[in-house]
Amino acid sequence: MWIRRSNPNYSFPPGLEHNLLWYAFRKFKPQDPIALFEELARRFGPIAHYQIGPEHIVFVNHPEWIREILVVQNDNFVKERTVQRTKMLLGEGMITSEGRQHRAQRQVAQPAFHRQRIGAYADAIVEEAVNLRDSWQAGETLDIAQEMMRLTLRIVARTLFGTELALPQAKALADAINKIMDLYHYLVILPAVETLVHLNAPKVGAFGPARARLDGVVYNMIEDRRRRGSGDSGDLLDMMLAAAGEGPEAEKQLRDQIITIFLAGYETVANALTWTWYLLSENPAARHTLQQEVDAVLAGRTPTLEDVPQLKYCEMALAESMRLYPPAWAMGRRALNDFRLGPYFLPKGTTLLISQFITHREEQYFPDPLRFDPLRFTAEEKAKRPKFVYFPFGAGPRQCIGEAFAWMESVLVMATLAQKWQLQMVPGHRVQPQPLITLRPKYGMKMTVAQVPLGFGNEATSFRKPLSFSRG
């Protein structure tokens, strides 16, 4: 039913005068959602309302209301339609499932992410990072986005699933995932897209073969583990196999859980690292500070788990990178029942959109928000801000289960690579964020590899501003 904004039973926030479809060929483009969010935040502040056809959409950019949605009233919301479209790839995995099924999946996976368990992954993470580091040559130009993808793909396969991916396998798998990412907007926007995929229609016909390649990797992992037994690995794959039932439906559910964690575990970390290398390249003073810390803490040896708490500036640089370019750039929820949000009373079926990309750049909480400054994340500075102005891993019952693992992995990888190499942007390479399932660099990240100079030299002390999305 089309519930008009003037309906006396409800009170809507201020917002766009016309239906969004009216603007589609004028100002906002469907493939540029962040530009829309920026415009809504600029014109209407912490909350804005608009409609797409009969659907009510409310964009929220206020920390207390974000908390209300993700934590306080969490039981009244499910993932919105765009997220549900990702079921074509992820099935009923932890990202897309709801209610009892989601809680059961999380309970099975939780032990693999306990503090003691993730500590055991540290040596494998560093070993993979060293292998990558030693494969680079001074002066060569690399797409660091792809290098980070292949590295984190191998790390997730090895640590969580006990599977060794050779570099050709990792490349083939990454290529299949890239193909799916390239189709993301079509999967979200096109009506009856499931039918179009089944018919191998233009634009989306490549989705089926790419998904089949991913499925082949996952089912081979399952078959191989069952054939050779678990031994003493106790990894996430063992936990999932132990909890799985029997029959085709149970096998599909197992596939959905594995592929969800597999993709979430490598894609987000790879993007976070890629944007961090970009920002460090653009801000040599910060890069200099980071390399000084790595040199002082490690003194030439490879990092270990015990070094992670001492690599504070590495962690702060990563945190600031995820403020400016959060891999999970937005999230959506759909209301199951009528609800209140601040002074507003909104109908069931309303879609609520929250964007980390927008909230993380709010000048009220992050002065001079486009400036890259890792010192925003000292303990003292963090204590000055409300909690829900920075939430790169989400919040509430659906907060990312692998957050601690991601922090540890990222810091260890950064320290390992920064020991030997500086990464410098190729002059003229175009950098533009692309909001797909995650926030990727649209044109990759072409960087030149240079050896870290002894003593690091005298670096510039000014910090450059990163590109705004709408100006990128």
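The values are calculated or read from the model by the stated rules, or taken from the named source; none is laboratory data. What you see is a predicted model, and the numbers here were worked out from it, not measured in a lab. Reconstructed Cβ throughout: ideal geometry from the backbone, glycine too, with neighbour counts over all protein chains shown.
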- So F405 clears everything in (1) surrounded by 16 or more Cβ atoms within 10 Å (Cβ to Cβ); (2) in a helix (DSSP H, G or I); (3) modelled with pLDDT of 95 or more except one condition, right? Which one? (3)
- Of the residues P392, P397, which is in a helix (DSSP H, G or I) and either touching a His at 6+ places or on another chain (Cβ under 9 Å) or of a type in the set (S, T, N, Q) (or both)? P397
- Item | Residue, farthest from P303 (Cα to Cα), within the range 105-125, restricted to residues that are in contact with a Leu (Cβ under 7 Å, 6 or more places away or on another chain) and at pLDDT 80 or above | G119
- Examine the range 381-388 for a residue that is surrounded by 19 or more Cβ atoms within 10 Å (Cβ to Cβ) and not in a helix (DSSP H, G or I), and state whether such a residue exists. no
- Task: Please work out which one of (1) within 17 Å of the chain's Cα centre (by Cα); (2) among the polar types (S, T, N, Q); (3) not assigned by TED's automatic domain parsing to the domain that holds E128 is the condition T351 fails and give its number.
- Result: (1)
- Would you mind finding the one in S6, S11 that is of a type outside the set (D, E, K, R) and at pLDDT 85 or above? S11
- Message: Can you report the number of residues in the range 392-426 which are under 14 Å from the mean Cα position of the chain (by Cα) and under 15 Å from S321 (Cβ atoms)?
- Response: 5
- Check on E128, assigned to a loop (DSSP other than H, G, I, E, B), modelled with pLDDT of 75 or more and of a type in the set (D, E): no
- Query: Looking at the range 246-355, what helices (runs of 4 or more DSSP H) fall wholly within it and have at least 1 residues that are among the β-branched types (V, I, T)?
  - Reply: 248-282, 284-298
- Message: Tell me the residue from P284, P303 that is in contact (Cβ under 8 Å) with a residue 24 or more places away in the chain, under 18 Å from A404 (Cβ atoms) and in the same structural domain as A157 (by TED's automatic domain parsing), please.
- Response: P303
- Query: Looking at G396, is it within 30 Å of G45 (Cα to Cα) and at pLDDT below 95?
  - Reply: yes
- Query: Would it be correct to say that P435 is assigned by TED's automatic domain parsing to the domain that holds W275, at pLDDT below 95 and out of contact with any Cys (no Cβ under 9 Å at 6 or more places or on another chain)?
  - Reply: yes
- Message: Residue under question is L142, and the condition is that it be closer than 14 Å to M447 by Cβ, part of a helix (DSSP H, G or I) and either in the same structural domain as E267 (by TED's automatic domain parsing) or modelled with pLDDT under 95 (or both); does it hold?
- Response: no
- Message: R323 - would you say it is of a type in the set (K, R), in contact (Cβ under 8 Å) with a residue 60 or more places away in the chain and either in the same structural domain as Q107 (by TED's automatic domain parsing) or surrounded by fewer than 19 Cβ atoms within 10 Å (Cβ to Cβ) (or both)?
- Response: yes
- Taking V217, is it part of a loop (DSSP other than H, G, I, E, B) and either in contact with a helix residue (DSSP H, G or I) (Cβ under 9 Å, 6 or more places away or on another chain) or among the aromatic types (F, W, Y) (or both)? no
- Looking at the range 145-181, which of its residues are outside any helix (DSSP H, G or I) and buried (at least 17 other Cβ atoms within 10 Å of the Cβ)? G162, T163, L165
- Selection status of R333, surrounded by 21 or more Cβ atoms within 10 Å (Cβ to Cβ) and basic (K, R): yes
